[in-house]
Each structure stands twice: as structure tokens, then as C-alpha cells.
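Asks: Submitted below is the structure of interest, expressed as C-alpha cells.
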Amino acid sequence: MKAMVNTEYGSPDVLHLKELAKPSPKEDEILVKVHAASVNAADWHLLRADPFLVRLMVGGLLKPKITILGADIAGRVEAVGENVKEFHPGDEVFGDISACGWGGFAEYVCARENALVLKPANITFEQAAAVPLAGVAALQGLRDYGQIRPGQKVLINGASGGVGTFAVQIARSFGAEVTAVCSTRNVDMAHSLGADHVIDYTREDFTRSGQCYDLILAANGYHPISDYKRALSPDGIYVMAGGSMPQMFQAMLLGPWISRNSEQKMVHFLAKPNKKDLTFIKELLETGKVKPVIDGCYPLSEVAGAFRYMEEEHARGKVVIAVDRDDRTDRTLGLT
Ligand SMILES: NC(=O)c1ccc[n+]([C@@H]2O[C@H](COP(=O)([O-])OP(=O)(O)OC[C@H]3O[C@@H](n4cnc5c(N)ncnc54)[C@H](OP(=O)(O)O)[C@@H]3O)[C@@H](O)[C@H]2O)c1
């Protein structure tokens, strides 16, 4: 099988296409023929070992332990181990396989049953591959850490990216009044995702408008934590999913102190892949309450190009790898 391999840490230039043996599923594993995968910020953090801590936590100190990246996959079950009960050859599945060894940037990968869910019939493999990591992060950020409730004023900063496009739609599905923050070129898209209000961050600083929010999910961009505090209602919750490094450290170091000393809560989190949560999102996909936004598709041989594009941090929704369509690079899919 073909796989996009990284045997050293570095820029996307270290990625190379290699012919490898097709893996065989262990007794509790499923062999999936990957039709599509998607790129997440976690992939390029691992590729570059940036921040350095990545080497200690998952990566390997001197060289990568994970030599085929790719957490999000969608594909067809090719074979199952003898203890697998839920899936059968031919089933269409999708999931986040980062807890079982990664490896989505390849034609085949083995994954455990608890990482996969049946793909909704109403979406393509490419759309399904866009969902797992970013969708579950948006759900856990809003529901578990943000305690979202109907009628609340919810603001999503970084609303036009992978996590943000899911967050806007999921927050709407919970009955919140949603404000999306993005740049000028994404304003119409944010409205089309269901945002009640859209703030163009190139023209207006939402932290200085005098408006307060019950819940703020920071998916991208940078504001000091004091700015977010000012934009929160007296008992509001700020949830830091991502953004710049200073933002992350402020949330980790100052967030707990602010939360202890006021009614406002300021938290950060790392999403955990979770079958129950992916099933929850699957239902939103089936009812059309959530639609994946795909910026563009790259073939497997062009994963490095997908990384370079993603690293600019201006993707509109998700960047997808069309693993079984090596004939094209399609940056024209737009909203799907
Ligand atoms: N905590 C977790 O478990 C978790 C899970 C997934 C991701 N993350 C983190 O969350 C962050 C976002 O992930 P992602 O996949 O959504 O990334 P992404 O798709 O690369 O985000 C790109 C988007 O960010 C927007 N953006 C860039 N600068 C901005 C600014 N100053 N203000 C507002 N929006 C801005 C861009 O909009 P414009 O082009 O309009 O500027 C673009 O649409 C990353 O830091 C990632 O590491 C965390």
C-alpha cells in the first residue's frame, strides 16, 4: 500500500510517499481501506515536534514514534479481527484513530472498534473524514467545558476554521444565540452556517464592544486572557480550545486562579476521541443540523502541500486528503 511517511521531525519537506506492506488486523482490530483523511493542527505539531513537549508526551525524543500521521479517517471495512463484533467487511466507517496509533495518511490502516462509527449515508467519505477530531473538540468544548444552554449568548473566535465551523453549527443546534468572529472573506460563510451575528475581526475588536457573552469558545486567534474576561458575563465561561501559544499558557496558568477568585470560569481543554460523542455528531450530520465545511482536497501524494496550507492558519473549514483519488488537487469544493 502507499503511505505518506515521516521518519524524522521537520517541515512538510520530510514527508515522503512510500510503498509499505498492507497491515493485518489483530483480533480486536478492523482493517479499513481509507478513502479520505483530514489534516488537523495536531498533525503538524507532531510532524514538527512543536512544541518540544510533543516529543516527551507522544512523539519520541529523537525521532518520531508515529511515522504515519493522520487522525481522521473515513473508509470501508476491509477485514475484521475475530473478536470484533460491531463491524463487518463492506461497512462504511469514520473516526479519529489518534488513540490507536494514527496512520490515516495511507491506503489502509488498522483501528480498534471503539475508534470508529458507521458513516452517515447522506455524506461522502471526504465530508466524513472532515468531522471526527474537530467536531468532537467543538462539542466537548461547548457542552462539557462550556456547559452550553439554550438561549445563551455564545461567541466563537476563529469561527471559520476546522473547529470553529463545527462549533458555530453545534452551538446553534443547542439553541444558543451565536456570534461568529472571522475575517472579512469569511463573513458570508459564517452567516450561512447559522451564526446570528458575525464580527469581522479586521474591523472590530469584540472584546472592546461592551457586549458580554455567557460562553466564549476560543478556537483560534489571539487576545490576552484579560480581554476575554472583560467580554464575559459575570458568571460566563471562557473555554480555550486553541490559538497562539501565549493564549494557551495564559489559560493554563491564569485560568485556574481567575476561576477560583470570581464567578467567571476560564478553562482550557484537550479533546478526547470518544465514540459516544462522535455518534452524537453523526446524528447532527444525519439530520442536516451540521454540515462539514471543506476548504479543499489534496491527493495522498500531496499531503505536504496540505500541511503547508493548513500551517498558514487561514483554512476555511477542513483540509481533506482524498486518499483514493490520486488524480487531483481540488481547492474548489468550497462549502459542501
Ligand atoms: N483543545 C483541543 O482539543 C483542540 C482540538 C482541535 C484543535 N485545537 C486547536 O484549535 C486551534 C484551531 O484549530 P482549527 O483546526 O480550527 O485550525 P484552523 O482550521 O487552521 O483555523 C483556521 C482559521 O482560523 C482563523 N483565524 C486565524 N487567525 C484568526 C484571528 N486572529 N482571529 C480569528 N480567527 C482567526 C482563520 O480565519 P481567517 O482566515 O478568517 O483569519 C481560519 O479560518 C488550533 O490551535 C488547534 O491546535 C485544539
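Asks: Among the numbered criteria (1) in a loop (DSSP other than H, G, I, E, B); (2) without any contact (Cβ under 8 Å) to a residue 60 or more places away in the chain, which one does residue 178 miss?
Replies: Failed condition: (1).
Asks: So which residues in segment 279-317 are open to solvent by 80 Å² or more (accessible area, probe 1.4 Å) and touching a Pro at 6+ places or on another chain (Cβ under 8 Å), if there are any at all?
Replies: Within segment 279-317, 286, 308 meet the criteria.
Asks: In segment 51-160, which strands (runs of 3 or more DSSP E) lie fully inside it and hold 3 or more residues that are within 16 Å of the ligand (Cβ to nearest atom) and at pLDDT 95 or above? Break it down into steps so the answer makes sense when it comes.
Replies: Working: elements: 72-80, 92-96, 108-112, 116-118, 153-157.
In segment 51-160, the matching strands (runs of 3 or more DSSP E) lie at 153-157.
Asks: Residue 141 is checked against (1) surrounded by 19 or more Cβ atoms within 10 Å (Cβ to Cβ); (2) farther than 30 Å from residue 197 by Cα and fails just one. What number does that condition carry?
Replies: Failing condition for residue 141: (2).
Asks: With open to solvent by 20 Å² or more (accessible area, probe 1.4 Å) and of a type in the set (Val, Ile, Thr) as the only criterion, which of 123, 156, 170, 68 stands out?
Replies: None of the other options fit; the residue is 68.
Asks: When you go through (1) farther than 16 Å from residue 158 by Cα; (2) surrounded by 14 or more Cβ atoms within 10 Å (Cβ to Cβ) one by one for residue 241, which number turns out not to apply?
Replies: The single condition residue 241 does not satisfy is (1).
Asks: Return the residue satisfying two criteria in turn: it lies in segment 1-27 and is surrounded by 14 or more Cβ atoms within 10 Å (Cβ to Cβ) and touching a helix residue (DSSP H, G or I) at 6+ places or on another chain (Cβ under 7 Å), and of such residues it is nearest to residue 80 (Cα to Cα).
Replies: Here the residue is 2.
Asks: In this structure, is residue 259 open to solvent by less than 30 Å² (accessible area, probe 1.4 Å) and free of Cβ contacts under 8 Å to residues at least 24 places away in the same chain?
Replies: Working: open to solvent by less than 30 Å² (accessible area, probe 1.4 Å): yes; free of Cβ contacts under 8 Å to residues at least 24 places away in the same chain: yes.
Considered against the rule, which asks whether it is open to solvent by less than 30 Å² (accessible area, probe 1.4 Å) and free of Cβ contacts under 8 Å to residues at least 24 places away in the same chain, residue 259 comes out as yes.
Asks: Where residues in segment 263-304 are in contact (Cβ under 8 Å) with a residue 12 or more places away in the chain and hydroxyl-bearing (Ser, Thr, Tyr), which of them is farthest from the ligand (Cβ to nearest atom)?
Replies: Step one: filter segment 263-304 for residues in contact (Cβ under 8 Å) with a residue 12 or more places away in the chain, giving 263-269, 271-275, 277-282, 284-286, 288-304.
Cutting the leftovers down to hydroxyl-bearing (Ser, Thr, Tyr) gives us 279, 298, 301.
On the way: 279: 18, 298: 15, 301: 22 Å.
Here the residue is 301.
Asks: Look at segment 175-222 and say how many of its residues are within 14 Å of the ligand (Cβ to nearest atom) and open to solvent by less than 30 Å² (accessible area, probe 1.4 Å).
Replies: 18
The values are calculated or read from the model by the stated rules, or taken from the named source; none is laboratory data. The shown structure was predicted, so the numbers you read here are calculated from the model rather than taken from an experiment. Methodologically, a virtual Cβ is constructed for each residue, glycine included, from the backbone with ideal geometry; neighbour enumeration extends over all protein chains shown. Keep in mind that these areas ignore ligands, DNA and RNA; they rest on the heavy atoms of the full protein, side chains included. Shrake-Rupley method; radii C 1.70, N 1.55, O 1.52, S 1.80 Å.
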